[in-house]
Amino acid sequence: MRCEHKRRTRSAEYPGLTLWTCRDCGFVFSDRWSGGFDPKKLYDSFYDQNEIVGRFHSPVEIVIRLFRLFRAFKIWTIRPGARSILDIGSGRGFMLYYLKRFFGYRRAAGTQISRGACEFSRRTLGLEMYHDDLPECGLEGGSFEVVTLWHVLEHILDPEGYLEEIKRLLVPGGRLVVEVPNFLSWTKAYTGLDWLGLDPDYHVHFFTPEALTAALRKHGYRVRLVHTFSLEYSAFISTQSLISKWTRTPNLVFRALQTAGEGQGQGKRPERVRMGRTLPLFAALFPLCLIANLLLFGTKRGEVLLVVADSPAVK
């Protein structure tokens, strides 16, 4: 049975944003959850329509693709021998492409409600891609050995509904991999609204290790692994969050890495000046945040939460 968040407690109040904690499931959610939030409209133009550039400037895109290769390797280590995967909210599909090319996957499917990214995945990478929310894809039950959600569950209005549908799609004993920002992270309490993992324009639900693992067990999964470190995200989120709070320049470095008109025109000169002052601080702080997050790997306080779970062995 899915939780409807009927018993809730106000957990945080920020300018223009209220966060609630459900007393039944433990999920934290924003007031956008019940405010007519339409993910399809929001994400249809999430990626730059220039398929080559994507969301970020070219040098950053190279680093991102290397991380997608690392994700593919991580999946290979998490479920050796698997040959079929569904990646929900799969970006432009590079992880799936690498799994097929280098790791022997015969079926690498994804869902993507951003039209440009979906078409890129289909036409350029030749992937099986669905331009729908997961429940609308009409996929056959027991189709996949692995299902992944990389920083997707926090965007979803009905996370428990997704967990149920994923259980149907997995083969008996199939493996689910979920990664989300950790609402118990060491920087979240200190930085508040400046915490990069909050991202209130896009994130609806927020998860602690206890709440997410309890939800998985509630829906019949067997939790195999929990840790709170991501090589791709942890140090960056910590560093950007601290700098946003200290310098009062919200997500300045993160925004500067993106395309979407950032840094263009004369009106952006003050922002470029602030970037020149901020980058040395970012460079000095980043390795310290990386070490801090590595030390928090097996605790509940790391920046990013990763959970690996198995679906029931018998359906």
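With the condition kept exactly as written, say whether any residue in the range 189-208 is closer than 24 Å to Ala284 by Cα, touching a Pro at 6+ places or on another chain (Cβ under 8 Å) and not assigned by TED's automatic domain parsing to the domain that holds Gly161. Checking the range 189-208: not a single residue is closer than 24 Å to Ala284 by Cα, touching a Pro at 6+ places or on another chain (Cβ under 8 Å) and not assigned by TED's automatic domain parsing to the domain that holds Gly161. In the range 83-201, counting only helices (runs of 4 or more DSSP H) that sit wholly within it, none holds 3 or more residues that are surrounded by fewer than 17 Cβ atoms within 10 Å (Cβ to Cβ) and of a type in the set (Asp, Glu).
Considering the range 106-120 alone, what residues qualify as being at pLDDT 95 or above and touching a Phe, Trp or Tyr at 6+ places or on another chain (Cβ under 9 Å)? Of everything in the range 106-120, those that are at pLDDT 95 or above and touching a Phe, Trp or Tyr at 6+ places or on another chain (Cβ under 9 Å) turn out to be Arg107, Ala108, Ala109, Gly110, Thr111.
For (1) without any contact (Cβ under 8 Å) to a residue 60 or more places away in the chain; (2) touching a Leu at 6+ places or on another chain (Cβ under 8 Å); (3) not hydroxyl-bearing (Ser, Thr, Tyr), each residue gets a yes or a no:
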| site | (1), (2), (3) |
| --- | --- |
| Thr213 | no, no, no |
| His219 | yes, yes, yes |
| Arg224 | no, no, yes |
| Phe229 | no, yes, yes |
| Tyr233 | no, no, no |
| Ile243 | yes, yes, yes |
| Thr249 | yes, no, no |
| Ala256 | yes, no, yes |
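Of the numbered criteria (1) assigned to a helix (DSSP H, G or I); (2) of a type outside the set (Phe, Trp, Tyr); (3) modelled with pLDDT under 95; (4) under 25 Å from Arg68 (Cβ atoms), the one Gly267 fails is (4). Of all residues in the range 40-55, those that are surrounded by 17 or more Cβ atoms within 10 Å (Cβ to Cβ) and modelled with pLDDT of 65 or more total 2.
When the range 58-93 is filtered for residues that are among the hydrophobic types (A, V, I, L, M, F, W, C) and under 20 Å from Val180 (Cβ atoms), the ones remaining, listed by number, are Ile64, Phe67, Phe70, Ala72, Ile75, Ile78, Ile85, Leu86, Ile88. Against the test of being of a type outside the set (Ser, Thr, Tyr) and over 30 Å from Lys41 (Cα atoms), the options Gly89, Gly81 yield a single qualifying residue, Gly81.
The values are calculated or read from the model by the stated rules, or taken from the named source; none is laboratory data. Owing to the predicted nature of the structure, the values given are computational and were not obtained by experimental measurement. Using ideal geometry, Cβ is built from the backbone for each residue, glycine included, and neighbour counts are taken over all protein chains shown.
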